[in-house]
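What follows is a short report on a single structure.
The values are calculated or read from the model by the stated rules, or taken from the named source; none is laboratory data. Source: prediction; values computed, not measured. Cβ placement follows ideal geometry from the backbone for every residue including glycine, while neighbour counts extend to all protein chains displayed. Side chains are part of the model used for accessible areas, which takes the heavy atoms of the whole protein and leaves out ligands, DNA and RNA. Shrake-Rupley method; radii C 1.70, N 1.55, O 1.52, S 1.80 Å.
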Amino acid sequence: MKRLSLCLLALCWLAISPAQTPDAIKQKVDALIKQMTLDEKVGQMTQVTMALIAKGGWGNQDGSVDPAALKKAIQDYKVGSILNTTAHALSVETWRQVQTQIQDEVKNSRLKIPVIYGLDGIHGQTYTLDATLFPQSIAMAATRNPELVRNAAKVTAKELRASGVRWNFAPVLDCGRQPLWSRFPETYGEDVFMGKTMGVAAVNGYQEDGLKNPAAVASCMKHYLGYSAPRTGKDRTPSYIPEIELREYFLPQFREAIKAGSATIMINSGDINGTPVHASKYLLTDVLRKELGFEGVVVSDWEDIIRLHTRHLVAHTPREAVVLAVNAGVDMSMVPSDFSFFDLLKEAVQKGEVPMSRIDEAVSRILTLKMKVGLFDNPYPEKEALANFGKPEYQTLALNAAHEAMTLLKNSDNILPLSKDKKILVAGPTAQSISALNGCWSYIWQGNVEELYPANSKTIAQAISDKASNTTLSGGKGFNNPANYDIEKLKNAAASVDVIVLCLGENAYAESPGNISDLALPDNQLALANAAIGTGKPVILVMTQGRPRFITTLEPKVKGIVLTYWSGRKTAEALADVLFGDYNPDGRLPFSYPRSMGEMVLYDRKRTEDVREVFNENMTWDGYKPLFPFGYGLSYTQFEYGPIQLSAPSIRGSEKLTVTITVKNTGTRDGKNAVDLFTHQHYASITPPMQRLRAFKKIFLKAGETQTVQFTLDQNDLAFVNAELKTVTEPGDFDIMIGDKKAQFSYAK
Ligand code: BGC
């Protein structure tokens, strides 16, 4: 009987491969679940880290698998998924070997259910040596170019799949409204529309042409929900977010990515208003499943189920933690450093604390995912996928993306672009560092090991020297090199130069190691900057950083400022192109660059945030005064916007409004211009924001050229969340704002 059903199962697997219809998958999954024991089911829901199967555990450096440990994971604990690396990136060949060994061991198991492996390809495939690293999401948002986001995601998918890995823990859809937060660089910035647009572009890139495609990976939206706004700014600490804000600023990105078909979702490690999200049936089942209609796999974040007991203190025992999370809606536990979840869940089911129906539901989602990514057809690294690794055109794409990210924030007296025969001093801690250009998730979690970067990666100092032969350096290799902070050296070196390019900012960090208590620049960087300014030579400040660090006191004293963010493999080349005018910058700030800790007002503020009232009529309206506003970014040419033309003075119901504007490049250089369209409703039942980004388009204009840009808006583009937590559009008058132009129209039901 058993043998017969296994044969049937095998036939079933074969049958599914040509026609992967949802019905066919469902039938196959149902048939498989009927065969499974409780152990096999809870095993599928268990995800462990590579350290548990690697020789030497966490100490492993070379990706070698310990056959006995692997056997234990697969045969004893029947784990459904493995993630992560132990120390750092491995070669593409080593990754393929690891995957092959895992699936070989699976072949010895009763039901031979393939393991799905997951990695964090956040801005390119993090954990494969020589994989292409693109700008971090915050920099991708500055490009205002969703096509770049999609294409970069596509390359990431190809390089993951070439490594034999079919599940990517990206995109990060958290809204970056707390710049202190160490994961700010992983976000698309402070705006919801930007997050939705770029998030969907990323999902489309990862999953293009279906998950079975050997150039695609399953995406994982994260971290649902409200992870990015911890009150203190420290990673994995509590958020207090009223539901109206949750729905206005944090949920829409997930809603849109779900509509785009994202296959999986990872949960916020923190708590919102006192409820850890991993224990929130409301968020994980009522909202996510019933309201948003998500049908894919919910995976916990790192160790977050047990932490309901050990950190959040809402579960009295480890088993209660498991019961809470699984009943709330978590399908797979990223346990990941032991097998405790397996034992605890099994016990909980046996005691009737978790119903079998819930287990079957979770397992069926996991098996469905595995079928969709083609693991049942061929669990091994695909031959054709390997050919997609490391293609030369990826470098061009990385450079294009870095170019479009570069954001010129100040250019007094047109100090930039520099002529290549100028005598230039390049100094500062980010000038001779590679890790400070790439940031988190770069060949190692923290991104801070210089030796792991491809040998031909360039520092800013090298990229500048390549273009300008009169370049002098002050400082030494590596961000923390004491020579980088040597003021006397800098002063001496500055004596004979025309201009100083001072490179400040942040070295790479990820998650809690990146926690800070202040956005102020460290004293040693400020001292260096003041010394450079004190020489009397013009200073170009280059800020290479994941989040905005204060430059308020330096800004008036420097001639130029370029923000590079962490723009990946080609940061240095892209910056040098901008500094010397080989690329005309077009990046736009995806956040409000704050002035000081007490002035952290976001661009979509309420009118009362604009008010600075001293007493009665002694009032100003300048509450939103960041150092540079959201959307700011200069060019070496000038763009002039014509008047905004509307297709009608008013629209009703579902009618559409066409917004037309002409853009003229009035300068002497070709350049790209991002046209941001904002709306503002005059009066509404909920205090309306002063500005909301509703659309954007990037265009290229030759010097002297004029182009017409058109947007189509409808009621959905005017909507907001009301007091009843419904997304509504209320009748009323609206402003449309593009650049320095404004037009008014009204909306009626
Ligand atoms: C992070 C996730 C990541 C996971 C696996 C966690 O610490 O919060 O974003 O996907 O580790 O590496």
For the range 314-324 the number of residues that are in a loop (DSSP other than H, G, I, E, B) and surrounded by fewer than 21 Cβ atoms within 10 Å (Cβ to Cβ) is 3
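Identify, from the list Y583, Y593, Y624, Y603, the residue that is closer than 17 Å to A520 by Cβ and not aliphatic (A, V, I, L, M). Outline the logic, then answer.
Values: Y583 fails: closer than 17 Å to A520 by Cβ; Y624 fails: closer than 17 Å to A520 by Cβ; Y603 fails: closer than 17 Å to A520 by Cβ.
None of the other options fit; the residue is Y593.
Somewhere in the range 330-347, is a residue open to solvent by 60 Å² or more (accessible area, probe 1.4 Å), assigned by TED's automatic domain parsing to the domain that holds E295, assigned to a helix (DSSP H, G or I) and away from the ligand (no atom under 16 Å from the Cβ)? Walk me through it before giving the result.
Residues of the range 330-347 open to solvent by 60 Å² or more (accessible area, probe 1.4 Å): 338, 343, 347.
Right, trim to assigned by TED's automatic domain parsing to the domain that holds E295 and you get 338, 343, 347.
Subset that is assigned to a helix (DSSP H, G or I): 343, 347.
If we keep only those that are away from the ligand (no atom under 16 Å from the Cβ) as well, we get 343, 347.
Yes, the range 330-347 contains a residue that is open to solvent by 60 Å² or more (accessible area, probe 1.4 Å), assigned by TED's automatic domain parsing to the domain that holds E295, assigned to a helix (DSSP H, G or I) and away from the ligand (no atom under 16 Å from the Cβ).
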Subset of the range 251-260 [open to solvent by less than 30 Å² (accessible area, probe 1.4 Å), in a helix (DSSP H, G or I) and away from the ligand (no atom under 16 Å from the Cβ)]:
P252, I258
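Sort out which residues of the range 313-350 are of a type in the set (D, E, K, R) and either closer than 18 Å to P276 by Cβ or in contact (Cβ under 8 Å) with a residue 40 or more places away in the chain (or both), and write them in order of number. Reasoning before the result, please.
Of all residues in the range 313-350, those of a type in the set (D, E, K, R) come to 319-320, 331, 338, 343, 346-347.
Across the range 313-350, the qualifying residues are R319, E320, D331, D338, K346.
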Among the residues of the range 541-560, is there at least one that is open to solvent by 60 Å² or more (accessible area, probe 1.4 Å), assigned by TED's automatic domain parsing to the domain that holds E404, more than 25 Å from K741 (Cα to Cα) and assigned to a loop (DSSP other than H, G, I, E, B)?
yes
Contacts under 7 angstrom Cβ, first residue in the range 230-242 being among the acidic types (D, E), partner part of a loop (DSSP other than H, G, I, E, B), 6 or more apart:
D235/W181; D235/S182; D235/R183; D235/E511; D235/N515
Counted residues, the range 572-610 - those being farther than 21 Å from T687 by Cα, part of a loop (DSSP other than H, G, I, E, B) and touching a residue at least 40 places away in the same chain (Cβ under 8 Å)
16
From the option list S239, S219, single residue qualifying as on the phi < 0 side of the Ramachandran plot, out of contact with any helix residue (DSSP H, G or I) (no Cβ under 8 Å at 6 or more places or on another chain), within 16 Å of the ligand (Cβ to nearest atom) and of a type in the set (G, A, S) is S239
Single unsatisfied condition, K234 versus (1) touching a helix residue (DSSP H, G or I) at 6+ places or on another chain (Cβ under 6 Å); (2) open to solvent by 10 Å² or more (accessible area, probe 1.4 Å); (3) closer than 22 Å to T187 by Cβ:
(1)
Somewhere in the range 298-313, is a residue in contact with a helix residue (DSSP H, G or I) (Cβ under 8 Å, 6 or more places away or on another chain), more than 16 Å from the ligand (Cβ to nearest atom) and not in a helix (DSSP H, G or I)?
no
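Does the range 503-526 hold any residues that are closer than 23 Å to A483 by Cα and within 16 Å of the ligand (Cβ to nearest atom), and which are they?
A508, Y509
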Residues being open to solvent by less than 40 Å² (accessible area, probe 1.4 Å) and without any contact (Cβ under 8 Å) to a residue 12 or more places away in the chain - total across the range 51-77
1
Hey, does the range 419-432 have a residue that's away from the ligand (no atom under 16 Å from the Cβ) and of a type in the set (S, T, Y)?
yes
Options G176, G226, G210: the member that is away from the ligand (no atom under 16 Å from the Cβ) and of a type in the set (G, A, S)
G210
Search result, residues across the range 351-378 that are farther than 17 Å from T46 by Cα and in contact (Cβ under 8 Å) with a residue 40 or more places away in the chain:
M371, K372, V373, G374, L375, F376, D377
Do we find that S182 is assigned to a loop (DSSP other than H, G, I, E, B), in contact (Cβ under 8 Å) with a residue 60 or more places away in the chain and within 16 Å of the ligand (Cβ to nearest atom) in this structure?
yes
Only one residue in T658, T608 is surrounded by fewer than 16 Cβ atoms within 10 Å (Cβ to Cβ), β-branched (V, I, T) and out of contact with any Gly (no Cβ under 9 Å at 6 or more places or on another chain). Which one?
T658
Of the candidates Y636, Y624, the one satisfying the condition of being crowded, with 16+ Cβ neighbours inside 10 Å and over 18 Å from R692 (Cα atoms) is Y636
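Mind counting the residues in the range 118-158 that are among the acidic types (D, E) and within 16 Å of the ligand (Cβ to nearest atom)? Working first, answer last.
Residues of the range 118-158 that are among the acidic types (D, E), as a first pass: 120, 130, 147.
Narrowing further to those that are within 16 Å of the ligand (Cβ to nearest atom): 120.
Here the count works out to 1.
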Which one is most open to solvent (accessible area, probe 1.4 Å) among residues in the range 685-705 that are in contact (Cβ under 8 Å) with a residue 60 or more places away in the chain and over 30 Å from E245 (Cβ atoms)?
A703
Within the range 661-675, tally of residues that are open to solvent by 50 Å² or more (accessible area, probe 1.4 Å) and over 32 Å from the mean Cα position of the chain (by Cα)
5
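Listed here are the residues, each with its yes/no results for (1) among the hydrophobic types (A, V, I, L, M, F, W, C); (2) free of Cβ contacts under 8 Å to residues at least 12 places away in the same chain; (3) closer than 24 Å to F630 by Cα.
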| site | (1), (2), (3) |
| --- | --- |
| F711 | yes, no, yes |
| N716 | no, no, yes |
| E724 | no, yes, no |
| I738 | yes, no, yes |
| Y747 | no, no, no |
So, restricting to helices (runs of 4 or more DSSP H) that lie completely within the range 79-175, which ones have at least 1 residues that are surrounded by fewer than 24 Cβ atoms within 10 Å (Cβ to Cβ)?
92-107, 146-162
Does N414 meet the test of being open to solvent by 10 Å² or more (accessible area, probe 1.4 Å) and over 18 Å from V578 (Cα atoms)?
no
Among (1) in contact with a Lys or Arg (Cβ under 8 Å, 6 or more places away or on another chain); (2) buried (at least 20 other Cβ atoms within 10 Å of the Cβ); (3) farther than 22 Å from H123 by Cβ, there is one condition G226 misses while meeting the rest; what is its number?
(1)
Over the range 280-336, the set of residues closer than 14 Å to L225 by Cα and among the hydroxyl-bearing types (S, T, Y) is S280, Y282, T285, S300
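Show me the strands (runs of 3 or more DSSP E) found entirely inside the range 622-691 where at least 2 residues are of a type in the set (D, E, K, R).
Where strands (runs of 3 or more DSSP E) fall fully within the range 622-691 and carry at least 2 residues being of a type in the set (D, E, K, R), they are 671-681.
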Give the range 275-297 a look and list any residue that's buried (at least 24 other Cβ atoms within 10 Å of the Cβ) and within 16 Å of the ligand (Cβ to nearest atom), or say none.
P276, V277, H278, V297
